[in-house]
1. Go through the residues of the stretch 358-370 one by one and say whether even a single one is in contact with a Leu (Cβ under 7 Å, 6 or more places away or on another chain), closer than 28 Å to Ser144 by Cα, in contact (Cβ under 8 Å) with a residue 24 or more places away in the chain and part of a strand (DSSP E or B).
2. Within the stretch 346-375, can you find the residues that are of a type in the set (Gly, Ala, Ser) and crowded, with 19+ Cβ neighbours inside 10 Å?
3. Just for the stretch 429-443: of the residues that are out of contact with any Pro (no Cβ under 8 Å at 6 or more places or on another chain) and surrounded by 15 or more Cβ atoms within 10 Å (Cβ to Cβ), which one is farthest from Ala383 (Cα to Cα)?
4. With the requirement that a residue be in contact with a helix residue (DSSP H, G or I) (Cβ under 9 Å, 6 or more places away or on another chain), in a helix (DSSP H, G or I) and surrounded by fewer than 22 Cβ atoms within 10 Å (Cβ to Cβ), what does the stretch 114-147 give you?
5. State whether the residues of the stretch 422-440 include one that is within 18 Å of Val124 (Cα to Cα) and part of a strand (DSSP E or B).
6. Considering only residues that are touching a residue at least 40 places away in the same chain (Cβ under 8 Å) and either on the phi > 0 side of the Ramachandran plot or surrounded by 18 or more Cβ atoms within 10 Å (Cβ to Cβ) (or both), which ones fall in the stretch 67-89?
7. Go over the candidates Ser155, Ser144 one by one and state the one that is without any contact (Cβ under 8 Å) to a residue 60 or more places away in the chain, of a type in the set (Ser, Thr, Tyr) and assigned by TED's automatic domain parsing to the domain that holds Asn283.
8. For the stretch 151-171, how many residues meet the condition of being outside any loop (DSSP other than H, G, I, E, B) and surrounded by fewer than 22 Cβ atoms within 10 Å (Cβ to Cβ)?
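The values are calculated or read from the model by the stated rules, or taken from the named source; none is laboratory data. Note that the structure is predicted; figures quoted are calculated from it, not measured. Here Cβ is always computed from backbone atoms with ideal geometry, including for glycine, and neighbour counts include all displayed protein chains.
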Amino acid sequence: MLTIPGAGQHFCDGLSRRSFLKLGGLAMGGLSLPAILQAEATAGLTNNAKSIIMVFLPGGPPHQDLWEIKTEAPLEIRGEFKPISTAVPGIQIGELTPKLASIMDKLVVVRSLVGLKDEHASEVCYSGYPRSVAIQKHQPCLGSVVSKLQGPTTSGVHPFMSLVPNLGTKSWQQPGRPGYLGPLHAPFLPRDEARQDMILNDVSLERLSNRTSLLRSIDRIRRDADNSGIFEAVDDYTRQSLEVLTSKRLLNALDLSAEPLHVRERYGYGSLKNIVDAAPMYNEHFLMARRLVEAGVRCVSLAFGRWDSHSDPAFYGKNNFDQMRDFLPPLDQALSALVEDLHERGMQDDVSVIVWGEFGRTPRINARGGRDHWPQVGCAMLAGGGMPTGQAIGCTNRLGEVPQERPVHVQEVFATLYRNLGIDTRKTTLLDQRGRPQYLTDGHEPMRELA
């Protein structure tokens, strides 16, 4: 935020200094809108309309109970669910996701995901690097990279936003680290306390529009400042931040009351109450994400549910299968609604969707009827982005232990997502905090099946 010494001043239109400074307080990573806009403007890079919605399933979903039911495995591994046919002949998925099965032609299932680590953390799903590596390397997440390389699509819209709420487990709460790109490229978090700064309380548009007088008032203070030219540099970005507030573009995108009732019912509602220490199952976040990318946001991250299915009575308490009966139907409804909505709006080539958790679950069911951590293999579901959908890529062995066909490294998925956004990971580098060029992945290329 722009800080000016002194207190109690009023500008010529009667707007108090406190109110004026608060207008610049809508922060991202602790920095004000003027600073954010200045950084975005200096990026000077391409401005396409591609975007991505990243859905994190905290805790790691059981891969063998979602997209690849192991019908030939013993009962203590196979579990309670049966496969069902989908819209694509020859592809079956779990019985608890019939809506997704009906639109399998619009989806891609990855059944052989590798490159995971036994860490309860979101970083691998937002950056392609496990938490320990991401912190050590100061690795930026995809949303921050896109913010840096491509900037905003339009004035007044942040390129990277997250709907992840405050969670009990902080490593799940991380919505994407900016890493060596710095806090200017951290996600904007429109949580309740921040959203209040998007509303012009007690300030009329007529008063706010008198920017010339407002900036003239700053000129009076400028006389006491040094001659560094900092105020001249700030003026344009302060003006842009006022335009953000007057446009209300993002605030309107977050207002779901503008959606027809049948659309809201299609996505479902859910609850904003966190599932123990993880995320709420709030279906409307999926609808909000669609509205945000329509408004011009390039990357939206969100978290949904609690998928750590040990059957630990201290946490969710139900066994793995009852937990999936609680969690999969809401995901089935919200995700299928999002994908169909994107297609009906003609956005399927411009918006990529990725849904996954930090690892898979043990093939063998534990004594409490749960599944424990299993980083040897995981799963993912993708949609949109102009990708050739209607595919199931890779498979695990008979017991669901390790990939049997086509291991897919998590960074291959990221290389694919970057490509969908118009970023070539083979050529693109960013300077780290020491000025050294860094590639976005460790040499992994986009998935050949999705070219």
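1. No: the stretch 358-370 contains no residue that is in contact with a Leu (Cβ under 7 Å, 6 or more places away or on another chain), closer than 28 Å to Ser144 by Cα, in contact (Cβ under 8 Å) with a residue 24 or more places away in the chain and part of a strand (DSSP E or B).
2. At the first step, the residues of the stretch 346-375 found to be of a type in the set (Gly, Ala, Ser) are 346, 352, 357, 360, 367, 369-370.
Within the stretch 346-375, Ser352, Gly357, Gly360, Gly370 qualify.
3. Our first condition is that a residue be out of contact with any Pro (no Cβ under 8 Å at 6 or more places or on another chain); within the stretch 429-443, this holds for 432-443.
Filter once more, keeping what is surrounded by 15 or more Cβ atoms within 10 Å (Cβ to Cβ): 432, 438, 440-441.
Working: Asp432: 31, Gln438: 28, Leu440: 22, Thr441: 21 Å.
Result: Asp432.
4. First pass over the stretch 114-147, keeping only residues in contact with a helix residue (DSSP H, G or I) (Cβ under 9 Å, 6 or more places away or on another chain): 114-117, 119-135, 137-147.
Those left that are additionally in a helix (DSSP H, G or I): 123-127, 131-135, 137, 142-147.
Hits for the stretch 114-147 are Arg131, Ser132, Val133, Ile135, Lys137.
5. Looking through the stretch 422-440, at least one residue is within 18 Å of Val124 (Cα to Cα) and part of a strand (DSSP E or B).
6. The answer is Trp67, Glu68, Lys70, Ala73, Ile77, Gly79, Phe81, Val88.
7. Values: Ser155 fails: without any contact (Cβ under 8 Å) to a residue 60 or more places away in the chain.
One residue alone meets the criteria, Ser144.
8. 2
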